[in-house]
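Take a look at the structure below.
The values are calculated or read from the model by the stated rules, or taken from the named source; none is laboratory data. Please read all numbers here as calculations on a predicted model, not as lab measurements. With ideal geometry, Cβ positions are generated from the backbone for all residues, glycine too; neighbour counts draw on all protein chains shown. Side chains are part of the model used for accessible areas, which takes the heavy atoms of the whole protein and leaves out ligands, DNA and RNA. Shrake-Rupley method; radii C 1.70, N 1.55, O 1.52, S 1.80 Å.
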Amino acid sequence: MSSIHVTTTLNGDPAEFLCEAEETLLDVLRDRLGHTGAKEGCGTGDCGACSVVVDGRLVCACLMLGAEAAGRSIETVEGMAEGDKLHPLQRKFLDHAALQCGICTPGLLVAAKSLLEREPDPDEEQVRYWLAGNLCRCTGYDKIIRAVLDAAAEMREAS
Amino acid sequence: MNYQAPTTLKDAVTLMQGDTGNCRILAGGTDLLVRLRSEMEEPDTVIDIKRIAELDEIAEEGGGWRIGAAVSGVRMAEHAALVAAWPGVVEAMNLIGSTQIQSRATMAGNLCNASPAADSVPAMVAAEAVARVVGPDGARDVPVAEIPTGPGRTSLARDELIASIFLPAPQTRAADAYLRFIPRTEMDIAVAGCGVWLALDAAGTCTAARVAVGAVGPTVRLVEDAGAALVGSKLEPDALDALAEACSAAATPIDDKRGTAAYRVHVAGVLARRAAVIAAKRAGDTT
Amino acid sequence: MALDSKQDDRTHQFKVVGTRPPRPDGIDKVTGRARFGADMTAPGMLTGRILRSPHPHARITSIDSSEAEALPGVHAVVTRADFAHAVADAATADVLDNCMAGDKALYDGHAVAAVAASSPAIARKALKLIKVDYEPLPHVTDVDAAMQPDAPALHEGRANETVPAGLSPNVVARCAFGHGDIEAGLAQADRIVERTYRTEATHQGYIEPHACLASVGPDGQADLWCCTQGHYMVRNTCAEILGMDQGQLRVTASEIGGGFGGKTTVFLEPVALMLSKKAGRPVKMVMSRSEVLRASGPTASSSVDVRIGMTKEGRITAGFAELRYQGGAYPGSPVDMGAMAAFAPYDLENVKTVGWDVVTNRPKAAAYRAPGAPMAAFAVESAIDELAKGFGLDPLEVRLKNAAREGTRASYGPTYPAIGLEATLRTARDHPHWSAPLGPNQGRGVACGFWFNFGGDTCVTLNITPDGTVTVTEGNPDIGGSRASMSMMAAEELGIPYDKVRTVIADTGTLGQNEVTDGSRVTFAVGLATIEAARAAKREMCRRAAQIWGIEEEAVVWEDGAARPAGPNAGTHPPMSLAEIAAIASNTGGPIAGHHEVNAEGAGVSFATHMVDTEVDPETGAVKILRYTVFQDAGKAVHPDYVEGQFQGGAAQGIGWALNEEYIYGADGVLQNPGFLDYRIPVASDLPMIEPVILEIPNPGHPYGVRGVGETSIVPPLAAIANAVSEAAGVRLTHLPLSPPKVLDALKSK
C-alpha cells in the first residue's frame, strides 16, 4: 500500500496531499487538508452534506476518490466568502434563519451556489428539485427555499 | 487497492488484461464508491477511465449518437441535439439520483452495475441501443439488452469494458419516453420503470413500438406483447389497456423494502400507459 | 433594588424579545468554521471502530481478539469484559449493555467489541480479525408478536411490579391513566368507533452521525468532546459506567448536527473513553450512517386499540385507548407518555388509557421529539375524525366542542392553567386554508396535538465585562438557535442592545448540573435562569450605584440599561449605564456577575392544530402534500424565526413518519434499510411551504410567558395526514406509513 501524491487546486489555492487509493475526496478534504466544512452525513451520496464543486460540477465528495482530484479545481464552502464579505447566499441563509443545527448548511450553500450560476432566476420548483439531494432534517426546507430565491433576486439586481 | 488512471483505451485494456486480482472500472463511481464504503467490494485495482479522451465525448455517427462511457448524465442533459433525438433515454439517465449524482454518474456505469432497477436501461432497450465492448481482442457491438444477465452480473468478460453506447439515428414521427415510480419525488431507486419507443404514421397510427420494463424482474425486459398492443392503434383506451396488461403480465418482481410484488406488477402497467402517451405526443410533435 | 422579581413582565412592551436578530453562531455555520462532533482532532489521535452483531438475537459464547491485538497499528481492543465496574442503577446498566453487549447480542447492529488503531484502514482490518462465536437464538421484532406467551424472550425478570403475572417476559411495564366510567360513557354515545392503529418505528434522522473524541490520562483525568444534547448527562452516565468521579471527566459539547431526542443518551462515548484509557492515546469515533440507523435510537413502533363514543352533536362521551409500544431491547419505550398524551387535548368525563412497554430484538429506543405522543395522537385523532365525519360534523368544530381549556382536568391527572388549544382551533377555523377549494382526489385533514414540556436542573452565569458587554454562560447544547434567544432575554432584561450580549455553551467544568436539551425545556428553563441571572446582576449594579451615590439600595431602580435614583429621597444623580458601572467595578467591590441555579418548574403545556391538504394518485397510491399550515401556541415567541422553524421542522418530520419512513426488518431480524437511500426522509421536492401561525397565550410559569415549542409540532401531523389521505382516498387508513403500496391496497379494497 503506497500513498498517492496528488496536486490539485482548492478554493483557488494550490494544494497537494498524499492519500491512499481508498480515500475519498471527502476524507482527504477533512483529514488531510483540514477543510472540515464538507460534512459526512451518509458516505453514500444520499444526503449531500459533503457537496463540493469539482471543475465546475456539483458533486458529493464522498463519491469521488481523493486520487481523482489530480489537476482538478475544487471549491468548498470555505471558499464561498470573499475575505470578510459573505456570499449573498450565506447572508440570506442568516437573514431567513435557513439553518437550525447547521450541519447540512455547507452542502446546501455549495449546491445552491451551483444552481444560481446556471440558472439565475429559478422558480421554487427548480430550487426544490436541484436541492433534492441535500437532506435537511431541521427546517422542513421552507426557509432554505426562501433564502435561495431571495439571494437569486438580489444577485440578479446586482448584476 | 491500486488506483490507475490511464489516458488511452489501449492502456486501460492492457491494465485489465494484466490484472490478476479483482479489477474494477471507475467511471462516475456513484455505485462503486458506495460498495467500497460498505465493504461489499474490496477491489485490488480500480481503473479510472475518465482521463481517456475518447470515452469522454458525445459524438454524432451516421445520424445517431455515440456516448462515451465516461460521459456524465448532466453532459447528456446539456446536449441539445441528443435530448431532441432521444428524450426518453436522457430523461431516464437524468432521473438517477441527485444533481450531485448527475455530475458523475454515467449511462455505461448504470448498465454495467447491472441493477434490475437501473433507470437508463429500459429506455436504452426500448431505443435499441448498442454497447461497444472493448477487450484484448478488439471491439464488439452488443445490444444493451444482452449486457446484464442478472442482478449485479453482466455478459462482459473480466478483461472487457464498455467504451461507449450507441443510440441509433432517430426516425421521423417517432420518439421515446421513460417513467419510473418512486415513493418520494427524488433520490429513490425505481420501484418499477418503463421505457417506450414508438413510431407513428402521418395519420397518428402507431406503426412500430418497443416497450421495456425495469425493476420487475432480475433483468430489464423487452415486452414484445406490449409493443404489439400499440401497433395499429392510435393509443385508444383499449390499446393502452392491452399495453398495461402486457407489461403487468411480463413482470416477475419480488417483495422487498421498496415495494410489494403485487404493487410492482400493477404499477408497471400504469407507467407503460403513461409513458406511451408521452412518447406518442413527442412523436406527433416531431413532424 | 426596587425591582420586584415577581412583577408581571408579560404585560411589558418587549424591545428585544419578539424581534429576529442574527444568531451568534450564524457566521461560523455558513462559512464551514463551526466545529461539529467529527470535526475535532487531537495530537496522537487514534481511530476507534466498533464490531457489531450480524444477528438479531444471539448468545455470545466467546470473543477472541488476539489476532486483532497483534496487528501492527492496533493500540487497544475493548469488549464488555473491560467494563468491570459494577453499575448500580438499572437504567444505566442497560445503557452500558446497549453500548457494549454482555452475554447476548440483542439486535442486529448491537456492539460486541471495539478497536483503536493508528488509521481507519487498520481499524477496519482489525475488526475483521476479531473472532466472535455466536449461538443464534430465536428473535422477535414485532410488538404484538413479542407479547405472545410463546414469543422468544429477550430477558427474564425485567418486568416491574405493574405487570400482571402470566404475561410474556417481554412485557416489562404497564401504566394506566384516566378518570370516569368508560362503559357508562360509551352507553351515552350515538356512535362508537373501535379500531386498531399501527405505526412503524422511525429514526430521528439527524444528518450528523454520532461522533466523539476521548482522551483519558493515566492520572484518571479525562476529557471528552462530543455531539450531544446534554454533556452533563454524558459526563454523569460515562462516569458511572467507567467508575470515575464525575469531577474528573470534563465534557465539552461540540456544535450539534441535529438530535431530536436521539442524542439524549450515550452510544460511543463510554467505549471511546475505555479505548483511550487502554491505549493511552486520544481516540476519535464516528458512526457511519448505517451504524446510526442500526444501533442508535429509533423511536418505538406502536399498536394502539381505540374506542371512542360520540353523540350526534359531536360531544365525546368516552375515550379509551390501549397502547402497546416496543422500545427495542431494553425497558423504556415512551408508552407512558403516549398514554398520558393520547387524550390530553380534550375535556372528557370518561377517559382511560392503558400502556404496555414491550421489549423486542431491535435497537434500544431513544427519545424522539415528543416521545410517544405522535402515535397516540394518530390513533385518537383518527377516531375522532372518523366519528365527526360520520355525523357530517365539521372536524374543527367537534374538536372545539370537546377542547380542554383552563380548569379542565387533564386525562393524565393535572388541572390545566391557561392553555392555548382553543385559540389554535379557532384560528385554524378562520384561516383561509380551511375554506380553500379542493380538487379531485384531494383531501384535507386536521388534528390536534399536545406536549407536556419540561423544566429541570439549570444553571446560568451572566458576567459583566469591564467594557460593559455581557457574556451569558449556559450548559445546554444549542440545537436550533437557543443561544440567540438567551442573548435576547438577557438584553431585554438588562435594557441593552442584543449585540452587546454573547451567549456561550460551557463545558461541564464551568457550571453546575444541567438537564439535557430535551422536553422543549431550553428556551423556557435556560431562559428563565438567564432572566434571573440578569436580575441578580442588575441588583448588584444597583447596589454599586447606590454605594457610589451614597444612598440606600432601595432608592435605586434599573431602567433602560442604567441605574437611576428613584423616589423622593434618592437625590438627582445622573443615571449610570451598565458600561459606566462596569468600568469602575474594580473600585466598587470587584467584578460583577449574576447567576441562577434552579430546578425550573412551571414549563406550561403546549398545544397545536395542524391542517394539511393531500392528493392521492388513484393509479399508484402516491400521496402528495399540497398545502400545510401549523397553528401552535408558543406562549411568547422569543425569536419568531426559530419558533417558526420548530413548527416547520416538526411538521416535516411528521410528514416523513406518516408517508415513507419506517424501519423495515426482514424475516431474519436484520434491518433492511440502514441508509438514507431506503430510510426515506422527506427531500426538498417532496414538500410545499409550511405556513407557521404563532399564537401567544402566555405561560404563567415564565417571566415572559414562554412555553417550549420544539416538540408539540410533531404530534399532530401523523393524524392530520392520515385524515387528509383517508378523505382523498375515500377509505380510512389506519397503518402508517401511508406508503404507496398500502394506499393502493386500501383504494382497491373500497
B:Ala262 and C:Asp150 label points (each 7 Å along its Cα→Cβ direction) are spaced in nm at 2.7
Short to long, in 10 Å steps from zero, the percent of alpha-carbon pairs of region A:25-159 per bin is 13, 46, 33, 8, 0
Taking only Cα atoms of the protein assembly as shown, the Rg to Rh ratio with Kirkwood Rh works out at 0.98
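Based on the Kirkwood radius over alpha-carbon pairs, what value in µm²/s does the Stokes-Einstein equation return for the translational diffusion coefficient of chain C at 20 °C and 1.002 mPa s? Please report the intermediate quantities before stating the final value.
Working: Rh = 27.3 Å.
Roughly 78 µm²/s, to the nearest whole number.
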The answer for the per residue Cα convex hull volume of region B:90-132, in Å³, is 70
From the Cα centre of region C:146-165 to that of region C:546-613, the distance in Å is 57
Karplus ³J(HN,Hα) for region C:664-678 (6.51 cos²θ - 1.76 cosθ + 1.60, θ = phi - 60°; Hz, whole; x = Gly/Pro) runs 10, 9, x, 4, 7, x, 9, 5, 8, 10, x, x, 6, 6, 10
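Averaged over peptide B:47-54, how many Cβ atoms belonging to another chain are found within 10 Å of each residue's Cβ? Could the numbers behind the result be given before it?
Values: counts 0, 4, 0, 1, 3, 0, 0, 0.
What the average comes to for B:47-54 is 1.
Please compute, over every Cα-Cα pair in region B:174-285, the percentage with a separation greater than 25 angstrom.
On the way: 1128 of 6216 pairs.
Cα-Cα pairs in region B:174-285 separated by more than 25 Å: 18 percent.
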Chains C and A: accessible area buried, summed over both chains, 1.4 Å probe, nearest 100 Å², reads 3800
Under the 7 Å Cα-to-Cβ spin-label approximation, C:Asp103 and C:Ala84 lie apart by a distance in nanometres of 2.1
In order over region B:55-60: 3J(HN,Hα) from phi, Karplus 6.51/-1.76/1.60, θ = phi - 60°, whole Hz, x for each Gly or Pro, gives 8, 10, 9, 9, 10, 6
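Considering every pair of different Cα atoms, what Kirkwood radius, in Å, is found for chain B? Write down the numbers at each step before the final one.
Numbers: mean 1/r = 0.0525 Å⁻¹.
About 19.0 Å, per the Kirkwood formula over Cα pairs.
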Of all stretches in chain C that avoid GluC sites (Glu not before Pro) placed in a DSSP loop and having at most 14 other Cβ atoms within 10 Å, the longest is C:1-155
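Classify region B:1-99: rounded, prolate or oblate, from the alpha-carbon gyration tensor (a ≥ b ≥ c, eigenvalue square roots; a/c under 1.5 rounded; otherwise prolate if a/b is larger than b/c)? Write down the numbers at each step before the final one.
Values: a/c = 3.20, a/b = 1.55, b/c = 2.06.
Oblate.
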Restricting to lysines and to Cα separations under 18 Å from B:Lys257, and discarding same-chain partners fewer than 8 apart, the set is C:Lys742
In units of 2.2 N^0.38 Å, the Cα radius of gyration of region C:251-299 is 1.26
Checking rank on B:93-106, C:713-726, with mean other Cβ inside 10 Å and highest first, the result is C:713-726, B:93-106
Karplus ³J(HN,Hα) for region C:308-322 (6.51 cos²θ - 1.76 cosθ + 1.60, θ = phi - 60°; Hz, whole; x = Gly/Pro) runs 10, x, 9, 7, 5, 7, x, 8, 7, 8, 6, x, 10, 9, 10
In short, region C:667-699 residues buried by 30 Å² or more of accessible area relative to the isolated chain (1.4 Å probe) are C:Gln672, C:Phe676, C:Leu677, C:Asp678, C:Arg680, C:Ile681, C:Val683, C:Ala684, C:Ser685, C:Asp686, C:Leu687, C:Met689
Expressed in angstrom and rounded, the centroid-to-centroid distance over alpha carbons for region B:44-119 and region C:301-352 is 54
What the Cα atoms of region A:1-104 span along the principal axes, largest first and in whole Å, is 48, 29, 22
Region A:88-158, Kirkwood Rh and Cα Rg, ratio Rg/Rh at 0.92
Inter-chain shielding metric for A:54-66, i.e. average beta-carbon neighbours from other chains within 10 angstrom, reads 6
The rounded separation in angstrom of the Cα centers of region C:674-750 and region C:30-74 is 37
Carbon plus sulfur, as percent of the 1.4 Å-probe accessible area of chain B, comes to 52
In short, region B:231-270 residues buried by 40 Å² or more of accessible area relative to the isolated chain (1.4 Å probe) are B:Lys257, B:Arg258, B:Tyr263, B:His266
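How much accessible area per residue does the protein assembly as shown have, counting only protein heavy atoms and a probe of 1.4 Å, in square angstrom?
Numbers: 40420 Å² over 1196 residues.
That works out to 34 Å² for each residue.
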Once the in-chain neighbours fewer than 8 apart are removed, the lysines whose Cα is under 18 Å from B:Lys234 read B:Lys281
For C:Lys128, counting only lysines whose alpha-carbon sits under 22 Å away and dropping same-chain residues fewer than eight positions off, the answer is C:Lys104, C:Lys278, C:Lys284
By accessible area (1.4 Å), largest first, C:Ser485, A:Ser3 order as A:Ser3, C:Ser485
Burial-style ranking of C:438-449, B:235-246, B:63-74, average other-beta-carbon count within 10 Å with highest first, yields B:63-74, C:438-449, B:235-246
